[in-house]
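Step one of this worksheet: look at the structure below.
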Amino acid sequence: MAGLAERRRPPAGPLLDFTGRREYNHATMRLAVGATRMQLLRLKKRLAIARRGHKLLKDKQEELMRLILVLVDEIRTNRQRVQRETAAILGRFAIARAAYGAEALDEAVMLPSKKVSVSVTTRNIMNVKVPVFHKEISGKTRCYGFATTSGELDFALAAFDELLDPLLILAEKEKTLELLAAEIERTRRRVNALEYVLIPSIAETVKFINLKLAEAERGDLTRLMRVKEIIRGEAR
């Protein structure tokens, strides 16, 4: 059994040597690079860039969060206004339907000549393209005779015309909020990757290379001192 265990034991040679792979050392988060002065200079520059990028992304994340909080308050206010005005319009429609009957009301609003088209442009917020809606209106909503319809219907349609702008503003702000929320999630992942993975791994690798270079310098100094002693001994 002891011989079988010895045969199953994995070899301790190059198969367990991961230093040549271009990966992270998962035990220490150290980059698998050579311990040379050139690599040290390159990693120091990379570390400085990573820290600067982390600061910029952190500032961007905070600004996006501030904009999102402002948008949430504006959307809440606009939504309450739209819901309140929509409820008033539906109430006026209900009164007009009750006064003149469903068939007469449907006949009055059956063929409106008013057409509304919406064009979309974009603007840039923190490197995020958000939509801007523009409406184009032609014709009119009230295309019926005033003698056979209720005044409540006139008021309802006039209020509905005024509701178009708040509806477009609400849609624009909600889409902007959705895009900014997606962007802040991407920014958060990048900040976490820099803060918890890349920057610690580079810093640990720089520390490791410094130790290796210092150890090599001590070894060289020891060898030089040994050579001097040998030369002095031969000179005697």
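The values are calculated or read from the model by the stated rules, or taken from the named source; none is laboratory data. Note that the coordinates shown come from a computational prediction; the quantities given were computed from them, not determined experimentally. Note that we place each Cβ from the backbone using ideal geometry, even for glycine, and neighbour counts take in every protein chain shown.
Quick notes
- Within segment 41-66, residues that are part of a helix (DSSP H, G or I) sit with their Cβ atoms under 9 Å from residues that are of a type in the set (D, E), at 6+ positions apart or across chains, in these pairs: H54/E195; K58/E195; K60/E183; L64/E183.
- For segment 145-168, the criterion of a residue being modelled with pLDDT of 90 or more, in contact with a helix residue (DSSP H, G or I) (Cβ under 8 Å, 6 or more places away or on another chain) and either closer than 30 Å to I68 by Cβ or surrounded by 17 or more Cβ atoms within 10 Å (Cβ to Cβ) (or both) is satisfied by at least one position.
- Subset of segment 90-139 (residues that are within 20 Å of L164 (Cβ to Cβ), at pLDDT 85 or above and not in a strand (DSSP E or B)): L90, G91
- Scanning segment 169-178 for residues that are of a type outside the set (S, T, N, Q), farther than 27 Å from G139 by Cα and buried (at least 16 other Cβ atoms within 10 Å of the Cβ) returns K173, L177.
- Screening N192, N210 for residues that are at pLDDT 85 or above and over 30 Å from D59 (Cβ atoms) leaves exactly one candidate, N210.
- Check on L213, in contact with a Leu (Cβ under 8 Å, 6 or more places away or on another chain), assigned to a helix (DSSP H, G or I) and surrounded by fewer than 16 Cβ atoms within 10 Å (Cβ to Cβ): yes
- Selected residue (criterion: nearest to the chain's Cα centre (by Cα)) from residues of segment 45-96 that are within 30 Å of K212 (Cβ to Cβ) and loosely packed, with under 14 Cβ neighbours inside 10 Å: K55
- Residue, surrounded by the most Cβ atoms within 10 Å (Cβ to Cβ), within segment 186-210, restricted to residues that are among the small types (G, A, S) and out of contact with any helix residue (DSSP H, G or I) (no Cβ under 8 Å at 6 or more places or on another chain): S201
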